[in-house]
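> Sharing a structure here in C-alpha cells format.
The values are calculated or read from the model by the stated rules, or taken from the named source; none is laboratory data. As the structure is a prediction and not an experimental result, all values here were calculated from the model. All Cβ positions, even for glycine, are placed from backbone atoms using ideal geometry, and neighbour counts span all protein chains on display.
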Amino acid sequence: MKHKEYSIPFSGLKEGKHEFIYQIENTFFESFEYEEFNATDINVVVVMNKTSTMLELDFKANGAVNVLCDLTGEPFDQTVKSAMELVVKFGDVYNDEDDEILILPHGEYKINVAQYIYEMLVLAVPQKRVHPGIADGTLKSDALDRLDALRPKEVKDNTENNDPRWDALKKLITDK
C-alpha cells in the first residue's frame, strides 16, 4: 500500500486527543509525481480527537521548501505554514466530495492522511514565487542584471516633434 506510514489506525485508540508527527521530505512529493520543489523540510503535526461518533483531525504544518524564483530562476527557501481541519464521520459508503468532511464506511479501522497532507502543503506554497532578495535589493543575479539592461530608457518630452494640427484637438480635451 502506498504511503502506509501515513495511515492512522484509530480503532484501537481510546477516546480523546492523539498526536501524530510527520517529517515531510522531497521523496514524499516525488511519490505523488510532484517535482516543483528542489528540497523540502516540513514538520506536520496531526492532532486527532476521537469521539464515539466521529474523528476530528487538526493538521498543522511548518517548515520550508526550496523552489526556483519565477523572475530570476534562482533557488531560495520559501517558508511554509499551513493549517487544516478535517472531520471524519461514518456512513454506509465512502465519500470524500466535501473538502472538510470525509465519510468512511462503518467497518473501516484506519485513515490514510497522506493525500490531505500533500494537498495542504502544495496549496500553502504561493503560486508566484519571488526571491525575497528582489524586494529588498540584496539579490545579485545575471537575470536581474540582464533585465535591468533591457529596461526601457526614460521617455523624453517630445514637444519639438509635435504636429501643430493636433494642438488644436488637445486644446478641446482640456477646455472642458
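> Given the criterion under 20 Å from the mean Cα position of the chain (by Cα), of a type in the set (A, V, I, L, M) and over 17 Å from L57 (Cα atoms), identify the matching residue among V93, V80.
V80 is the lone residue from the list that is under 20 Å from the mean Cα position of the chain (by Cα), of a type in the set (A, V, I, L, M) and over 17 Å from L57 (Cα atoms).
> Given the criteria surrounded by fewer than 19 Cβ atoms within 10 Å (Cβ to Cβ) and farther than 14 Å from I111 by Cβ, does L68 qualify?
yes
> Among the residues of segment 100-116, write down those that are acidic (D, E) and surrounded by 11 or more Cβ atoms within 10 Å (Cβ to Cβ).
The answer is E108, and nothing else.
> Can you pull out every residue in segment 120-176 that is aliphatic (A, V, I, L, M), modelled with pLDDT of 70 or more and either surrounded by 10 or more Cβ atoms within 10 Å (Cβ to Cβ) or under 25 Å from the mean Cα position of the chain (by Cα) (or both)?
M120, L121, V122, L123, A124, V125, V130, I134, A135
> Also, quick follow-up: How about segment 60-83: which of its residues are more than 16 Å from V122 (Cβ to Cβ) and among the aliphatic types (A, V, I, L, M)?
Selection gives L71 alone.
> Another question, then. So, in segment 56-78, how many residues would count as being over 30 Å from E15 (Cα atoms) and in contact (Cβ under 8 Å) with a residue 60 or more places away in the chain?
So the answer is 9.
> If I ask for residues that are hydroxyl-bearing (S, T, Y) and touching a helix residue (DSSP H, G or I) at 6+ places or on another chain (Cβ under 6 Å), which ones from segment 28-63 would you list?
If the condition is that a residue be hydroxyl-bearing (S, T, Y) and touching a helix residue (DSSP H, G or I) at 6+ places or on another chain (Cβ under 6 Å), then T40 is the only one that fits.
> Go through L13, L57 for me and flag whichever is touching a Leu at 6+ places or on another chain (Cβ under 9 Å), farther than 21 Å from Q127 by Cβ and either among the aliphatic types (A, V, I, L, M) or at pLDDT 90 or above (or both).
On inspection, the qualifying residue turns out to be L57.
> Here is a further query. Pairs please, first residue from segment 93-112 and touching a residue at least 24 places away in the same chain (Cβ under 8 Å), second anywhere and part of a strand (DSSP E or B) and loosely packed, with under 13 Cβ neighbours inside 10 Å, Cβ atoms under 9 Å, 6+ apart in sequence or on different chains.
Matching pairs, first to second residue: Y109/P9; K110/P9; I111/P9.
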